[in-house]
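The values are calculated or read from the model by the stated rules, or taken from the named source; none is laboratory data. Please read these numbers as outputs of a predicted model, since none were measured by experiment. Ideal geometry is used to build each Cβ from the backbone, glycine not excepted, and the neighbour counts take in all protein chains shown. When the accessible area is computed, the model is the full protein with side chains, heavy atoms only, and any ligands, DNA or RNA have been set aside. Shrake-Rupley method; radii C 1.70, N 1.55, O 1.52, S 1.80 Å.
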Amino acid sequence: MKTLVVAATELEISASIPTLIETNTDYLVTGVGMVATAFSMGQHLTNNSYDLLINVGIAGTFNPYHHLGSIHRIKTDRIHEFGAENDQDFIPIDSLGFGNSVFVEILPQLSLPAEFYDIPYIDGITVNKAHGSEDSIKKIKNEYGLGLLESMEGAAFFYVANKLRIPCVQVRTISNLVELRNTENWNIPLALKELNTWLQSFVTVLQSS
């Protein structure tokens, strides 16, 4: 299965790069944010074809009961607040009739390693501004509930893959709780460790099957 691993930063996959090279798994570092992700993927996929795209990275969670370092599959990812304001109301782009804001995982026809299907599903939102105020966090929880992760690239990754109809999965580990910004509560090293432990195992099994 010809596979491309997509990450926003080299930091998120640096520990796995030797394994990616050894298993003949391509990887793409896009840069941070939706614009950089969409551009880099579009440019790369113009001249390269794949059976599977894998987006990996770290994320914030709105659920205080999630453990830092825990791993999740993103089922649907939404471009947050993509639309128009109408006084105190918000009209998503979907309702305006100009496009979509929600994009989804597409599993390949061939089965993936069995351990992949044990990763718990969760939904995601993709943002241009990481949330860090009580009002904005409360608003998101009221609208979507606690079962949500936040990243800055996921929906753009799904968008490109969905448009090109390429099987795609997104896997993220939790680095922090989305709360009033307090980096002392974050554990990025643990999230990176767990992410790369999974990624190395996954591509090794995938490419040997």
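Listing for the model above:
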| read-out | value |
| --- | --- |
| Ellipticity estimate at 222 nm from DSSP helix runs (n ≥ 4, -39,500 (n - 2.57)) divided over the chain, nearest 500 | -9500 deg cm²/dmol |
| For segment 133-177 and segment 1-37, distance of Cα centres in Å | 19 Å |
| Over 25 Å (Cα to Cα) - which of 141/163; 75/193; 75/138; 75/129; 139/193 fall in this group | 141/163; 139/193 |
| Highest to lowest packing among 16-24, 48-56, scored as the average C-beta count within 10 Å | 48-56, 16-24 |
| Antiparallel %, DSSP beta bridges [both residues in the chain], to 5 | 35 percent |
| Under-5 Å amide H pairs with residue 168, H placed in peptide plane, nonlocal only | 53, 106, 107 |
| Overall form of segment 1-50 per C-alpha gyration tensor (a/c, 1.5; a/b vs b/c) | oblate |
| In degrees, nearest ten, helix 154-164 long axis to first principal axis of the chain (Cα) | 60 degrees |
| Residue-by-residue Karplus 3J(HN,Hα) for segment 122-131, coefficients 6.51, -1.76, 1.60, Hz, glycine and proline x | 7, 8, x, 10, 10, 10, 8, 10, 5, 6 |
| Per residue accessible area in Å² of segment 109-209, where ligands, DNA and RNA are left out and the probe is 1.4 Å | 53 Å² |
| Bridge type composition, segment 1-118 - antiparallel percent by DSSP, nearest 5 | 45 percent |
| In degrees, nearest ten, helix 188-208 long axis to first principal axis of the chain (Cα) | 40 degrees |
| Binned Cα-Cα distances of the chain, short to long, each 5 Å bin given as a whole percent | 1, 7, 16, 20, 21, 16, 10, 6, 3, 1, 0, 0 |
| DSSP-loop chymotrypsin sites (Phe, Trp or Tyr not before Pro) across segment 62-162, with at most 14 other Cβ within 10 angstrom | 65, 98 |
